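Peer 1: So that we are looking at the same thing, I have put the structure below in structure tokens.
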């Protein structure tokens, strides 16, 4: 993660539910694996891979805009997707739902 949203850069940023600003500032400069992509373009980062982040915040992931991350490496793993877009489900019958 190379940067964070402007509002979170302020050390006085307060969030009633959790220390969002502190978490984002703490994550800048650390490397995380992309876990997924949201429908609005946000990227899910697996922040619990970093022991210091997990110890301090206990979170599994955060969502962030792509402009705040920098790609370091791509995986060579191939992801197979069926043509029907249903993941591992290729057909659904009425009898299987009973």
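The values are calculated or read from the model by the stated rules, or taken from the named source; none is laboratory data. Just so it is clear, the structure is predicted and the values come from calculations on it, not from any experiment. All Cβ positions, even for glycine, are placed from backbone atoms using ideal geometry, and neighbour counts span all protein chains on display.
Peer 1: Looking for something part of a loop (DSSP other than H, G, I, E, B), surrounded by 15 or more Cβ atoms within 10 Å (Cβ to Cβ) and touching a residue at least 40 places away in the same chain (Cβ under 8 Å) - is there at least one such residue anywhere in segment 65-73?
Peer 2: Our first condition is that a residue be part of a loop (DSSP other than H, G, I, E, B); within segment 65-73, this holds for 65, 69-73.
After this cut, where a residue has to be surrounded by 15 or more Cβ atoms within 10 Å (Cβ to Cβ) as well, the list is 69.
Restricting the remaining residues to those that are touching a residue at least 40 places away in the same chain (Cβ under 8 Å) gives 69.
Among the residues of segment 65-73, at least one is part of a loop (DSSP other than H, G, I, E, B), surrounded by 15 or more Cβ atoms within 10 Å (Cβ to Cβ) and touching a residue at least 40 places away in the same chain (Cβ under 8 Å), which makes the answer yes.
Peer 1: Which of the residues that make up segment 1-30 are exposed (fewer than 13 other Cβ atoms within 10 Å of the Cβ) and more than 13 Å from residue 66 (Cα to Cα)?
Peer 2: Step one: of segment 1-30, the residues exposed (fewer than 13 other Cβ atoms within 10 Å of the Cβ) are 2, 6-7, 10-12, 14-18, 29.
Residues satisfying the conditions are 6, 7, 10, 11, 12, 14, 15, 16, 17, 18, 29.
Peer 1: Further, regarding this structure: Could you list, in sequence order, the residues of segment 31-53 that are touching a helix residue (DSSP H, G or I) at 6+ places or on another chain (Cβ under 9 Å), in a helix (DSSP H, G or I) and loosely packed, with under 14 Cβ neighbours inside 10 Å?
Peer 2: If the condition is that a residue be touching a helix residue (DSSP H, G or I) at 6+ places or on another chain (Cβ under 9 Å), in a helix (DSSP H, G or I) and loosely packed, with under 14 Cβ neighbours inside 10 Å, then 52 is the only one that fits.
Peer 1: Please identify the pairs in which a residue from segment 53-64 that is closer than 10 Å to residue 43 by Cα has its Cβ atom under 6 Å from the Cβ atom of a residue that is at pLDDT 85 or above and assigned to a loop (DSSP other than H, G, I, E, B), counting only partners at least 6 apart or on another chain.
Peer 2: The qualifying pairs are 63/42.
Peer 1: Got a number for residues in segment 54-63 being in a loop (DSSP other than H, G, I, E, B) and closer than 18 Å to residue 2 by Cβ?
Peer 2: Within segment 54-63, the subset in a loop (DSSP other than H, G, I, E, B) is 58-61.
If we keep only those that are closer than 18 Å to residue 2 by Cβ as well, we get 61.
Matching residues across segment 54-63 total 1.
Peer 1: Since residue 89 meets every condition but one in (1) surrounded by fewer than 13 Cβ atoms within 10 Å (Cβ to Cβ); (2) at pLDDT 90 or above, which condition does it not meet?
Peer 2: Among (1) surrounded by fewer than 13 Cβ atoms within 10 Å (Cβ to Cβ); (2) at pLDDT 90 or above, the lone unmet condition for residue 89 is (2).
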